[in-house]
Amino acid sequence: MSGSSITVSGIHAAYGAVRALEDVSLEVKSGETVALLGTNGNGKSTLMKCIMGIVRPSAGSIFAEIDGRRHDLVGRSTEAIVDLGIALVPEGRRLFPKLTVEENLLLGAFRRIARAQIANNRAFCFEAFPQLAERRRQLAGSLSGGEQQMLALGRALMLAPRILLIDEPSVGLAPILVRRTIDKIQQLKEQYRLTVLMAEQNFTQAIRIADRGYVIVHGRIAFEGRSTEELNNNDLIRKFYLGL
Amino acid sequence: MDFPVELLANAIVAGLLLGGFYAAVTAGISIAFGILDIVNIAHPAFIILGSYIAYIVNANFGIDPILVSLIMLPAFYVLGGAVYQVYYASFERRGQEALRGLAFFFGLLFITEVGLVLVFGVDYRYVEAIYIGPTLRFSFIDLPLRMLIPCLVSLLMMLCLQLYLTRTFIGRAIMAVSQDQLALRLMAADPVRIKRIAFGISIATAAIAGAFLIVIQPVEPSVGREYIGRVFAICVLGGMGSLPGTVLAAILLGIVESITATFYGPSWAPAVSFGFLLLTLAFRPAGILGR
(Lines give C-alpha, C1' and ligand atoms only; values in the text may rest on other atoms or scores of the structure.)
Protein backbone atom coordinates (compact mmCIF):
# COMPACT_ATOMS: atom_id res chain seq x y z
CA MET A 1 0.00 0.00 0.00
CA SER A 2 1.37 3.37 -0.94
CA GLY A 3 0.31 6.67 0.46
CA SER A 4 -2.71 8.91 0.71
CA SER A 5 -2.43 12.57 -0.11
CA ILE A 6 -4.37 15.60 -1.31
CA THR A 7 -3.31 18.08 -3.98
CA VAL A 8 -5.32 21.27 -4.44
CA SER A 9 -4.27 23.40 -7.43
CA GLY A 10 -5.41 26.90 -8.20
CA ILE A 11 -8.97 26.67 -6.98
CA HIS A 12 -11.41 29.56 -6.96
CA ALA A 13 -14.68 29.48 -5.09
CA ALA A 14 -17.43 31.99 -4.41
CA TYR A 15 -20.77 32.25 -2.62
CA GLY A 16 -22.79 34.19 -5.18
CA ALA A 17 -20.88 37.41 -5.76
CA VAL A 18 -18.73 37.01 -2.64
CA ARG A 19 -15.35 35.56 -3.44
CA ALA A 20 -14.24 33.06 -0.81
CA LEU A 21 -11.14 31.49 -2.35
CA GLU A 22 -8.78 32.85 -4.99
CA ASP A 23 -6.17 30.73 -6.66
CA VAL A 24 -5.55 28.52 -3.67
CA SER A 25 -3.02 25.72 -4.02
CA LEU A 26 -2.12 23.37 -1.23
CA GLU A 27 -0.67 19.96 -0.76
CA VAL A 28 -0.92 17.43 2.04
CA LYS A 29 1.59 14.64 1.54
CA SER A 30 1.11 11.13 2.76
CA GLY A 31 1.44 10.81 6.51
CA GLU A 32 1.74 14.55 7.12
CA THR A 33 -0.19 16.76 9.49
CA VAL A 34 -0.72 20.08 7.78
CA ALA A 35 -2.19 23.07 9.57
CA LEU A 36 -4.39 25.51 7.70
CA LEU A 37 -4.14 28.69 9.72
CA GLY A 38 -6.27 31.78 9.56
CA THR A 39 -8.77 33.77 11.52
CA ASN A 40 -12.53 33.70 11.00
CA GLY A 41 -13.87 34.36 7.53
CA ASN A 42 -10.66 33.86 5.60
CA GLY A 43 -11.76 30.75 3.73
CA LYS A 44 -10.52 27.81 5.81
CA SER A 45 -13.90 26.13 5.99
CA THR A 46 -14.64 26.89 2.35
CA LEU A 47 -11.46 25.12 1.33
CA MET A 48 -12.46 22.10 3.43
CA LYS A 49 -15.92 22.16 1.84
CA CYS A 50 -14.39 22.28 -1.65
CA ILE A 51 -12.32 19.20 -0.92
CA MET A 52 -15.39 17.38 0.42
CA GLY A 53 -17.59 18.31 -2.54
CA ILE A 54 -19.93 20.45 -0.43
CA VAL A 55 -18.94 23.63 -2.27
CA ARG A 56 -18.02 23.34 -5.91
CA PRO A 57 -14.97 25.37 -6.96
CA SER A 58 -15.44 27.53 -10.06
CA ALA A 59 -11.94 26.76 -11.30
CA GLY A 60 -8.95 24.66 -10.38
CA SER A 61 -8.46 21.02 -9.57
CA ILE A 62 -8.48 18.80 -6.50
CA PHE A 63 -6.92 15.37 -6.59
CA ALA A 64 -6.64 12.80 -3.86
CA GLU A 65 -4.44 9.77 -3.79
CA ILE A 66 -5.85 6.99 -1.64
CA ASP A 67 -3.59 4.01 -1.05
CA GLY A 68 -1.78 4.81 -4.27
CA ARG A 69 -4.84 5.37 -6.47
CA ARG A 70 -5.46 8.82 -7.83
CA HIS A 71 -8.98 10.31 -7.84
CA ASP A 72 -10.31 13.57 -9.23
CA LEU A 73 -12.56 15.01 -6.50
CA VAL A 74 -14.14 17.94 -8.35
CA GLY A 75 -17.69 17.08 -9.43
CA ARG A 76 -18.04 14.10 -7.13
CA SER A 77 -20.77 14.01 -4.52
CA THR A 78 -19.84 14.37 -0.86
CA GLU A 79 -20.88 10.81 -0.12
CA ALA A 80 -18.70 9.49 -2.95
CA ILE A 81 -15.70 11.44 -1.66
CA VAL A 82 -16.23 10.13 1.87
CA ASP A 83 -16.56 6.64 0.44
CA LEU A 84 -13.05 6.98 -1.02
CA GLY A 85 -11.73 7.24 2.53
CA ILE A 86 -11.67 10.97 3.20
CA ALA A 87 -13.41 12.01 6.41
CA LEU A 88 -14.28 15.50 7.61
CA VAL A 89 -14.89 16.49 11.20
CA PRO A 90 -17.00 19.51 10.31
CA GLU A 91 -17.24 22.92 11.85
CA GLY A 92 -19.75 22.79 14.69
CA ARG A 93 -19.26 18.99 14.89
CA ARG A 94 -22.67 18.20 13.41
CA LEU A 95 -23.53 15.22 15.55
CA PHE A 96 -26.99 13.65 15.45
CA PRO A 97 -28.28 15.19 18.69
CA LYS A 98 -31.27 12.89 19.14
CA LEU A 99 -29.29 9.70 18.67
CA THR A 100 -27.17 8.12 21.37
CA VAL A 101 -23.38 8.25 21.47
CA GLU A 102 -23.25 4.66 20.29
CA GLU A 103 -25.72 5.23 17.44
CA ASN A 104 -23.65 8.21 16.30
CA LEU A 105 -20.51 6.06 16.27
CA LEU A 106 -22.25 3.24 14.41
CA LEU A 107 -23.46 5.69 11.76
CA GLY A 108 -19.81 6.55 11.22
CA ALA A 109 -19.34 2.98 10.03
CA PHE A 110 -22.00 3.28 7.31
CA ARG A 111 -19.31 2.90 4.65
CA ARG A 112 -19.07 -0.68 3.45
CA ILE A 113 -15.33 -0.97 4.11
CA ALA A 114 -15.84 0.45 7.60
CA ARG A 115 -18.55 -2.07 8.50
CA ALA A 116 -16.03 -4.89 8.42
CA GLN A 117 -13.83 -3.11 10.97
CA ILE A 118 -16.61 -1.99 13.27
CA ALA A 119 -15.70 -4.01 16.37
CA ASN A 120 -12.05 -3.00 16.25
CA ASN A 121 -12.72 0.65 15.58
CA ARG A 122 -15.36 0.94 18.27
CA ALA A 123 -13.10 -0.66 20.87
CA PHE A 124 -10.39 1.74 19.74
CA CYS A 125 -12.69 4.76 20.09
CA PHE A 126 -13.79 3.77 23.57
CA GLU A 127 -10.18 3.19 24.55
CA ALA A 128 -9.11 6.58 23.21
CA PHE A 129 -12.14 8.35 24.67
CA PRO A 130 -13.21 6.56 27.88
CA GLN A 131 -15.89 9.19 28.55
CA LEU A 132 -17.70 8.11 25.39
CA ALA A 133 -17.83 4.52 26.64
CA GLU A 134 -19.37 5.70 29.91
CA ARG A 135 -21.97 7.76 28.05
CA ARG A 136 -22.66 5.38 25.19
CA ARG A 137 -26.42 5.29 25.86
CA GLN A 138 -26.73 9.04 26.38
CA LEU A 139 -28.09 11.31 23.64
CA ALA A 140 -25.33 13.13 21.77
CA GLY A 141 -27.16 16.44 22.25
CA SER A 142 -26.76 16.15 26.02
CA LEU A 143 -22.96 15.90 25.95
CA SER A 144 -20.64 18.74 26.95
CA GLY A 145 -18.69 20.60 24.27
CA GLY A 146 -15.51 18.64 24.88
CA GLU A 147 -17.31 15.32 24.79
CA GLN A 148 -19.08 16.33 21.60
CA GLN A 149 -15.75 17.07 19.96
CA MET A 150 -14.49 13.65 21.04
CA LEU A 151 -17.59 12.01 19.63
CA ALA A 152 -17.17 13.89 16.36
CA LEU A 153 -13.57 12.68 16.13
CA GLY A 154 -14.56 9.16 17.12
CA ARG A 155 -17.36 9.08 14.56
CA ALA A 156 -14.95 10.17 11.82
CA LEU A 157 -12.50 7.43 12.83
CA MET A 158 -15.30 4.84 12.61
CA LEU A 159 -15.29 5.60 8.87
CA ALA A 160 -11.84 4.00 8.71
CA PRO A 161 -10.51 6.96 6.71
CA ARG A 162 -7.07 7.33 5.10
CA ILE A 163 -7.25 11.12 5.10
CA LEU A 164 -8.79 13.12 7.91
CA LEU A 165 -9.84 16.75 7.57
CA ILE A 166 -10.62 18.55 10.80
CA ASP A 167 -12.28 21.94 10.79
CA GLU A 168 -11.48 23.97 13.90
CA PRO A 169 -11.28 21.29 16.57
CA SER A 170 -10.58 23.88 19.26
CA VAL A 171 -13.57 26.13 18.71
CA GLY A 172 -15.76 26.57 21.79
CA LEU A 173 -13.50 24.53 24.06
CA ALA A 174 -11.82 25.58 27.30
CA PRO A 175 -8.03 26.05 26.92
CA ILE A 176 -7.19 22.84 28.77
CA LEU A 177 -9.54 20.87 26.52
CA VAL A 178 -8.03 22.46 23.42
CA ARG A 179 -4.65 21.14 24.46
CA ARG A 180 -6.04 17.67 25.13
CA THR A 181 -7.97 17.56 21.87
CA ILE A 182 -4.90 18.53 19.85
CA ASP A 183 -2.83 15.88 21.65
CA LYS A 184 -5.53 13.33 20.94
CA ILE A 185 -5.53 14.17 17.24
CA GLN A 186 -1.79 13.58 17.15
CA GLN A 187 -2.15 10.27 18.97
CA LEU A 188 -4.96 9.02 16.73
CA LYS A 189 -3.12 10.12 13.63
CA GLU A 190 -0.14 7.99 14.60
CA GLN A 191 -2.21 4.98 15.57
CA TYR A 192 -4.26 5.04 12.39
CA ARG A 193 -1.39 6.29 10.13
CA LEU A 194 -3.60 9.06 8.85
CA THR A 195 -2.86 12.00 6.62
CA VAL A 196 -4.31 15.05 8.38
CA LEU A 197 -5.34 18.51 7.25
CA MET A 198 -6.44 20.64 10.19
CA ALA A 199 -7.96 24.10 9.93
CA GLU A 200 -7.34 26.03 13.11
CA GLN A 201 -7.39 29.53 14.52
CA ASN A 202 -5.37 28.58 17.55
CA PHE A 203 -1.91 28.96 16.06
CA THR A 204 0.20 27.92 19.05
CA GLN A 205 -1.77 24.75 19.64
CA ALA A 206 -1.96 23.78 15.97
CA ILE A 207 1.75 24.03 15.28
CA ARG A 208 2.54 21.78 18.23
CA ILE A 209 1.49 18.79 16.14
CA ALA A 210 1.72 20.11 12.57
CA ASP A 211 4.60 19.19 10.30
CA ARG A 212 4.06 22.38 8.35
CA GLY A 213 1.32 24.84 7.57
CA TYR A 214 -0.33 27.39 5.35
CA VAL A 215 -1.63 30.76 6.39
CA ILE A 216 -4.77 31.82 4.56
CA VAL A 217 -5.78 35.48 4.47
CA HIS A 218 -8.78 36.85 2.58
CA GLY A 219 -9.15 33.68 0.55
CA ARG A 220 -5.53 33.51 -0.59
CA ILE A 221 -2.61 31.49 0.67
CA ALA A 222 -0.53 34.30 2.21
CA PHE A 223 2.32 32.18 3.44
CA GLU A 224 3.48 28.61 3.17
CA GLY A 225 5.67 27.41 6.01
CA ARG A 226 7.76 24.38 5.15
CA SER A 227 8.43 23.75 8.83
CA THR A 228 7.06 24.89 12.14
CA GLU A 229 10.14 27.11 12.61
CA GLU A 230 9.36 28.96 9.43
CA LEU A 231 5.82 29.50 10.67
CA ASN A 232 6.99 30.64 14.06
CA ASN A 233 9.37 33.19 12.60
CA ASN A 234 7.06 34.54 9.92
CA ASP A 235 6.27 38.25 10.14
CA LEU A 236 2.71 37.78 9.04
CA ILE A 237 2.01 35.32 11.80
CA ARG A 238 3.78 37.48 14.35
CA LYS A 239 1.58 40.34 13.27
CA PHE A 240 -1.75 38.53 13.00
CA TYR A 241 -1.53 35.94 15.72
CA LEU A 242 1.08 36.70 18.26
CA GLY A 243 0.71 40.49 18.34
CA LEU A 244 4.46 41.04 18.20
CA MET B 1 -75.52 -0.14 41.84
CA ASP B 2 -72.99 -2.84 41.06
CA PHE B 3 -69.86 -1.70 39.28
CA PRO B 4 -69.94 -3.37 35.86
CA VAL B 5 -66.57 -5.16 36.09
CA GLU B 6 -67.32 -7.42 33.15
CA LEU B 7 -68.26 -4.51 30.95
CA LEU B 8 -65.14 -2.58 31.93
CA ALA B 9 -62.83 -5.57 31.40
CA ASN B 10 -64.31 -6.18 27.97
CA ALA B 11 -64.01 -2.50 27.10
CA ILE B 12 -60.33 -2.55 28.03
CA VAL B 13 -59.64 -5.71 26.04
CA ALA B 14 -61.53 -4.34 23.05
CA GLY B 15 -59.50 -1.15 23.38
CA LEU B 16 -56.24 -3.10 23.44
CA LEU B 17 -57.19 -4.92 20.26
CA LEU B 18 -58.30 -1.69 18.62
CA GLY B 19 -55.02 -0.09 19.70
CA GLY B 20 -53.03 -2.81 17.97
CA PHE B 21 -54.86 -1.95 14.77
CA TYR B 22 -54.32 1.79 15.29
CA ALA B 23 -50.59 1.13 15.65
CA ALA B 24 -50.49 -0.40 12.18
CA VAL B 25 -52.47 2.51 10.75
CA THR B 26 -50.09 5.01 12.40
CA ALA B 27 -46.79 3.21 11.64
CA GLY B 28 -46.48 4.83 8.22
CA ILE B 29 -47.16 8.30 9.62
CA SER B 30 -44.67 7.75 12.42
CA ILE B 31 -42.02 7.06 9.81
CA ALA B 32 -43.00 9.73 7.26
CA PHE B 33 -44.06 12.53 9.63
CA GLY B 34 -42.30 11.52 12.87
CA ILE B 35 -38.93 10.57 11.44
CA LEU B 36 -38.69 12.13 7.97
CA ASP B 37 -40.68 15.35 8.56
CA ILE B 38 -42.87 14.63 5.54
CA VAL B 39 -46.47 15.59 6.26
CA ASN B 40 -48.05 12.76 4.31
CA ILE B 41 -51.74 13.39 4.92
CA ALA B 42 -52.45 11.08 1.98
CA HIS B 43 -51.45 8.08 4.08
CA PRO B 44 -55.05 7.03 4.81
CA ALA B 45 -55.69 7.02 1.05
CA PHE B 46 -52.88 4.51 0.58
CA ILE B 47 -54.44 2.44 3.36
CA ILE B 48 -57.78 2.44 1.53
CA LEU B 49 -55.95 1.47 -1.65
CA GLY B 50 -54.52 -1.45 0.32
CA SER B 51 -58.05 -2.36 1.46
CA TYR B 52 -59.36 -2.37 -2.10
CA ILE B 53 -56.51 -4.50 -3.42
CA ALA B 54 -57.13 -6.98 -0.59
CA TYR B 55 -60.83 -6.87 -1.52
CA ILE B 56 -60.30 -7.49 -5.27
CA VAL B 57 -57.93 -10.41 -4.80
CA ASN B 58 -60.08 -11.84 -2.00
CA ALA B 59 -63.30 -11.56 -4.02
CA ASN B 60 -61.78 -13.06 -7.17
CA PHE B 61 -59.38 -15.68 -5.88
CA GLY B 62 -60.44 -16.16 -2.29
CA ILE B 63 -56.93 -15.46 -0.96
CA ASP B 64 -56.70 -14.30 2.65
CA PRO B 65 -56.67 -10.46 2.76
CA ILE B 66 -53.71 -10.21 5.15
CA LEU B 67 -51.73 -12.64 3.01
CA VAL B 68 -52.57 -10.49 -0.03
CA SER B 69 -51.19 -7.44 1.75
CA LEU B 70 -47.93 -9.25 2.51
CA ILE B 71 -47.61 -10.21 -1.15
CA MET B 72 -48.31 -6.57 -2.10
CA LEU B 73 -45.54 -5.19 0.15
CA PRO B 74 -42.90 -4.86 -2.60
CA ALA B 75 -45.38 -3.10 -4.90
CA PHE B 76 -46.33 -0.59 -2.18
CA TYR B 77 -42.67 -0.10 -1.34
CA VAL B 78 -41.91 0.79 -4.95
CA LEU B 79 -45.00 3.04 -5.11
CA GLY B 80 -43.83 4.86 -1.96
CA GLY B 81 -40.33 5.29 -3.38
CA ALA B 82 -41.80 6.75 -6.57
CA VAL B 83 -44.07 9.15 -4.66
CA TYR B 84 -41.08 10.33 -2.62
CA GLN B 85 -39.01 10.85 -5.75
CA VAL B 86 -41.72 13.09 -7.22
CA TYR B 87 -42.11 14.93 -3.91
CA TYR B 88 -38.35 15.40 -3.67
CA ALA B 89 -37.84 16.60 -7.23
CA SER B 90 -40.85 18.94 -7.17
CA PHE B 91 -40.73 20.38 -3.65
CA GLU B 92 -38.13 19.21 -1.18
CA ARG B 93 -35.10 19.92 -3.37
CA ARG B 94 -36.27 23.51 -3.79
CA GLY B 95 -37.08 23.94 -0.12
CA GLN B 96 -40.80 24.36 -0.82
CA GLU B 97 -41.96 21.30 1.04
CA ALA B 98 -43.80 23.09 3.84
CA LEU B 99 -46.90 24.40 2.13
CA ARG B 100 -46.73 23.07 -1.42
CA GLY B 101 -45.74 19.64 -0.20
CA LEU B 102 -48.82 19.60 2.00
CA ALA B 103 -50.95 20.59 -0.99
CA PHE B 104 -49.30 17.81 -3.01
CA PHE B 105 -50.30 15.17 -0.48
CA PHE B 106 -53.79 16.67 -0.18
CA GLY B 107 -54.08 16.32 -3.94
CA LEU B 108 -52.84 12.75 -3.80
CA LEU B 109 -55.45 11.99 -1.13
CA PHE B 110 -58.30 13.28 -3.28
CA ILE B 111 -57.06 11.76 -6.53
CA THR B 112 -56.75 8.32 -4.92
CA GLU B 113 -60.16 8.68 -3.33
CA VAL B 114 -61.89 9.88 -6.50
CA GLY B 115 -60.07 7.22 -8.52
CA LEU B 116 -61.43 4.53 -6.23
CA VAL B 117 -64.95 6.02 -6.40
CA LEU B 118 -64.82 6.04 -10.22
CA VAL B 119 -63.65 2.44 -10.41
CA PHE B 120 -65.54 0.82 -7.56
CA GLY B 121 -68.38 3.24 -6.74
CA VAL B 122 -69.27 4.30 -3.22
CA ASP B 123 -70.67 0.99 -1.99
CA TYR B 124 -69.21 -0.58 1.12
CA ARG B 125 -66.96 -3.53 0.32
CA TYR B 126 -65.92 -6.33 2.60
CA VAL B 127 -63.74 -9.43 2.54
CA GLU B 128 -64.13 -12.99 3.69
CA ALA B 129 -61.69 -14.89 5.88
CA ILE B 130 -62.05 -17.72 8.36
CA TYR B 131 -61.26 -15.49 11.33
CA ILE B 132 -63.90 -12.88 10.59
CA GLY B 133 -66.80 -14.67 12.31
CA PRO B 134 -65.56 -16.54 15.42
CA THR B 135 -64.82 -15.18 18.88
CA LEU B 136 -62.61 -16.67 21.56
CA ARG B 137 -64.11 -16.56 25.07
CA PHE B 138 -62.15 -16.68 28.32
CA SER B 139 -64.82 -16.72 31.05
CA PHE B 140 -66.44 -13.31 30.51
CA ILE B 141 -63.76 -11.81 28.22
CA ASP B 142 -64.52 -11.76 24.52
CA LEU B 143 -61.68 -11.88 21.98
CA PRO B 144 -63.13 -11.52 18.49
CA LEU B 145 -60.62 -13.04 16.04
CA ARG B 146 -61.52 -10.34 13.52
CA MET B 147 -59.76 -7.89 15.93
CA LEU B 148 -57.23 -10.24 17.51
CA ILE B 149 -55.51 -11.38 14.30
CA PRO B 150 -54.87 -7.82 12.97
CA CYS B 151 -53.68 -6.77 16.44
CA LEU B 152 -51.15 -9.60 16.68
CA VAL B 153 -49.88 -9.19 13.11
CA SER B 154 -49.63 -5.44 13.70
CA LEU B 155 -47.53 -5.87 16.85
CA LEU B 156 -45.28 -8.27 14.96
CA MET B 157 -44.90 -5.72 12.15
CA MET B 158 -44.03 -2.96 14.65
CA LEU B 159 -41.41 -5.20 16.24
CA CYS B 160 -39.82 -5.90 12.85
CA LEU B 161 -39.80 -2.19 11.97
CA GLN B 162 -38.25 -1.26 15.30
CA LEU B 163 -35.53 -3.89 14.93
CA TYR B 164 -34.86 -2.67 11.40
CA LEU B 165 -34.57 0.97 12.51
CA THR B 166 -32.31 0.30 15.48
CA ARG B 167 -30.18 -2.65 14.33
CA THR B 168 -29.33 -1.97 10.68
CA PHE B 169 -27.13 0.63 9.05
CA ILE B 170 -29.90 1.88 6.77
CA GLY B 171 -32.29 1.92 9.74
CA ARG B 172 -29.99 4.11 11.82
CA ALA B 173 -29.43 6.37 8.83
CA ILE B 174 -33.24 6.72 8.56
CA MET B 175 -33.38 7.83 12.20
CA ALA B 176 -30.64 10.39 11.53
CA VAL B 177 -31.65 11.77 8.15
CA SER B 178 -33.96 14.56 9.31
CA GLN B 179 -31.57 15.66 12.06
CA ASP B 180 -28.67 16.64 9.81
CA GLN B 181 -28.51 15.75 6.13
CA LEU B 182 -25.02 17.11 5.56
CA ALA B 183 -23.67 15.14 8.51
CA LEU B 184 -25.25 12.03 7.01
CA ARG B 185 -23.53 12.70 3.70
CA LEU B 186 -20.28 12.97 5.61
CA MET B 187 -20.97 9.38 6.74
CA ALA B 188 -21.04 8.37 3.04
CA ALA B 189 -24.85 7.96 2.98
CA ASP B 190 -27.02 9.61 0.33
CA PRO B 191 -29.89 11.31 2.23
CA VAL B 192 -32.26 11.19 -0.75
CA ARG B 193 -31.78 7.45 -1.12
CA ILE B 194 -32.25 6.94 2.63
CA LYS B 195 -35.47 8.97 2.59
CA ARG B 196 -36.73 7.12 -0.47
CA ILE B 197 -36.20 3.78 1.28
CA ALA B 198 -37.89 5.06 4.44
CA PHE B 199 -40.87 6.48 2.57
CA GLY B 200 -41.18 3.23 0.62
CA ILE B 201 -41.37 1.35 3.92
CA SER B 202 -43.88 3.87 5.25
CA ILE B 203 -46.22 3.27 2.29
CA ALA B 204 -45.63 -0.49 2.46
CA THR B 205 -47.14 -0.48 5.97
CA ALA B 206 -50.30 0.98 4.40
CA ALA B 207 -50.82 -2.25 2.45
CA ILE B 208 -50.95 -4.21 5.72
CA ALA B 209 -53.01 -1.59 7.56
CA GLY B 210 -55.43 -1.57 4.61
CA ALA B 211 -55.96 -5.31 4.85
CA PHE B 212 -56.58 -4.96 8.62
CA LEU B 213 -59.09 -2.20 8.02
CA ILE B 214 -61.22 -4.19 5.60
CA VAL B 215 -61.05 -7.23 7.91
CA ILE B 216 -62.32 -5.09 10.80
CA GLN B 217 -64.98 -3.05 8.99
CA PRO B 218 -66.55 -2.68 5.55
CA VAL B 219 -64.71 -0.07 3.49
CA GLU B 220 -65.75 2.63 1.04
CA PRO B 221 -63.35 5.13 -0.61
CA SER B 222 -63.72 8.02 1.83
CA VAL B 223 -63.61 6.00 5.05
CA GLY B 224 -59.89 6.78 5.43
CA ARG B 225 -60.64 10.40 6.28
CA GLU B 226 -61.97 9.36 9.66
CA TYR B 227 -58.47 8.23 10.52
CA ILE B 228 -56.44 11.30 9.51
CA GLY B 229 -56.85 13.18 12.79
CA ARG B 230 -56.54 10.10 14.96
CA VAL B 231 -53.41 8.90 13.18
CA PHE B 232 -51.54 12.19 13.62
CA ALA B 233 -52.75 12.38 17.22
CA ILE B 234 -51.27 8.95 17.99
CA CYS B 235 -48.02 9.85 16.26
CA VAL B 236 -47.61 13.03 18.33
CA LEU B 237 -48.85 11.41 21.53
CA GLY B 238 -46.33 8.58 21.26
CA GLY B 239 -43.45 10.94 20.67
CA MET B 240 -42.27 11.96 17.20
CA GLY B 241 -40.35 9.19 15.51
CA SER B 242 -40.64 6.60 18.28
CA LEU B 243 -42.28 3.36 17.16
CA PRO B 244 -42.56 1.91 20.70
CA GLY B 245 -44.18 5.24 21.62
CA THR B 246 -46.58 4.84 18.70
CA VAL B 247 -47.62 1.38 19.92
CA LEU B 248 -48.13 2.63 23.48
CA ALA B 249 -50.08 5.69 22.36
CA ALA B 250 -52.20 3.63 19.95
CA ILE B 251 -53.13 1.18 22.71
CA LEU B 252 -53.82 3.97 25.22
CA LEU B 253 -56.02 5.77 22.73
CA GLY B 254 -57.75 2.53 21.79
CA ILE B 255 -58.56 1.83 25.45
CA VAL B 256 -59.71 5.39 26.15
CA GLU B 257 -61.96 5.34 23.09
CA SER B 258 -63.34 1.92 23.87
CA ILE B 259 -64.17 2.78 27.50
CA THR B 260 -65.78 6.04 26.44
CA ALA B 261 -67.79 4.34 23.74
CA THR B 262 -68.92 1.60 26.13
CA PHE B 263 -70.01 3.84 28.99
CA TYR B 264 -70.92 7.16 27.40
CA GLY B 265 -71.64 6.37 23.76
CA PRO B 266 -69.44 6.31 20.64
CA SER B 267 -70.02 9.96 19.73
CA TRP B 268 -67.99 11.04 22.78
CA ALA B 269 -64.98 8.96 21.81
CA PRO B 270 -63.17 11.44 19.52
CA ALA B 271 -63.64 14.31 21.99
CA VAL B 272 -62.25 12.25 24.84
CA SER B 273 -59.28 11.01 22.81
CA PHE B 274 -58.28 14.48 21.68
CA GLY B 275 -58.77 15.77 25.22
CA PHE B 276 -56.46 12.99 26.31
CA LEU B 277 -53.91 14.07 23.68
CA LEU B 278 -53.98 17.71 24.83
CA LEU B 279 -53.63 16.72 28.46
CA THR B 280 -50.66 14.44 27.75
CA LEU B 281 -48.90 17.10 25.70
CA ALA B 282 -49.44 19.64 28.49
CA PHE B 283 -47.38 17.45 30.83
CA ARG B 284 -45.07 15.74 28.34
CA PRO B 285 -44.64 18.03 25.33
CA ALA B 286 -42.32 15.55 23.57
CA GLY B 287 -44.95 12.79 23.79
CA ILE B 288 -44.85 9.57 25.77
CA LEU B 289 -41.50 8.26 24.53
CA GLY B 290 -40.24 11.30 22.63
CA ARG B 291 -36.50 11.90 22.74
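The values are calculated or read from the model by the stated rules, or taken from the named source; none is laboratory data. If you're wondering where the values come from, they're calculated on a predicted model, not measured in any experiment. Every residue, glycine as well, gets a Cβ built from its backbone with ideal geometry; the counts of neighbours run over all protein chains shown.
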Inspect the stretch B:240-255 for any residue being over 13 Å from B:ALA23 (Cα atoms) and in contact with a Ser or Thr (Cβ under 6 Å, 6 or more places away or on another chain) and give the result as yes or no. no
Selected residue (only one of A:ALA156, A:ALA206 is more than 27 Å from A:ALA109 (Cα to Cα) and aliphatic (A, V, I, L, M)): A:ALA206
Looking across the stretch A:121-148 at residues that are farther than 19 Å from A:VAL89 by Cα and of a type in the set (D, E, K, R), the single one that is surrounded by the fewest Cβ atoms within 10 Å (Cβ to Cβ) is A:ARG137
Which condition number in (1) assigned to a helix (DSSP H, G or I); (2) surrounded by fewer than 18 Cβ atoms within 10 Å (Cβ to Cβ) is the one that B:LEU253 fails? (2)
Return the total of residues in the stretch B:196-232 being of a type in the set (Gly, Ala, Ser), modelled with pLDDT of 90 or more and crowded, with 23+ Cβ neighbours inside 10 Å. 8
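Among the small types (Gly, Ala, Ser), touching a His at 6+ places or on another chain (Cβ under 8 Å) and in contact (Cβ under 8 Å) with a residue 24 or more places away in the chain, is that true of B:ALA42?
Working: among the small types (Gly, Ala, Ser): yes; touching a His at 6+ places or on another chain (Cβ under 8 Å): no; in contact (Cβ under 8 Å) with a residue 24 or more places away in the chain: yes.
So B:ALA42 fails the test.
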Within the stretch B:157-180, is even one residue more than 14 Å from chain A (Cβ to nearest Cβ) and within 19 Å of B:VAL68 (Cβ to Cβ)? yes
Within the stretch B:256-291, how many residues turn out to be within 14 Å of another protein chain (Cβ to nearest Cβ) and either surrounded by fewer than 22 Cβ atoms within 10 Å (Cβ to Cβ) or of a type in the set (Lys, Arg) (or both)? 4
Within the stretch A:96-114, track down each residue that is outside any helix (DSSP H, G or I) and facing chain B (nearest Cβ under 7 Å). A:PHE96, A:PRO97, A:LYS98, A:LEU99, A:PHE110, A:ARG111
Residue under evaluation A:ARG136, criteria (1) in a helix (DSSP H, G or I); (2) in contact with a Ser or Thr (Cβ under 8 Å, 6 or more places away or on another chain); (3) not hydrophobic (A, V, I, L, M, F, W, C), criterion not met: (1)
Return yes or no: is A:ALA87 in a strand (DSSP E or B), more than 14 Å from chain B (Cβ to nearest Cβ) and either closer than 18 Å to A:PRO169 by Cα or at pLDDT below 95 (or both)? no
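Can you find a residue in the stretch B:221-229 that is in a helix (DSSP H, G or I), out of contact with any Lys or Arg (no Cβ under 7 Å at 6 or more places or on another chain), within 14 Å of another protein chain (Cβ to nearest Cβ) and under 26 Å from B:VAL83 (Cα atoms)? Spell out the reasoning first.
If we filter the stretch B:221-229 for residues that are in a helix (DSSP H, G or I), which is where we start, we get B:225-229.
Still in the running and out of contact with any Lys or Arg (no Cβ under 7 Å at 6 or more places or on another chain): B:225-229.
Keeping just the survivors that are within 14 Å of another protein chain (Cβ to nearest Cβ) gives none.
Checked the stretch B:221-229: no residue is in a helix (DSSP H, G or I), out of contact with any Lys or Arg (no Cβ under 7 Å at 6 or more places or on another chain), within 14 Å of another protein chain (Cβ to nearest Cβ) and under 26 Å from B:VAL83 (Cα atoms).
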Criterion: away from every other protein chain (no Cβ under 14 Å) and within 12 Å of the chain's Cα centre (by Cα) - qualifying residue of A:LEU132, A:LEU197, A:LEU164, A:LEU188: A:LEU197
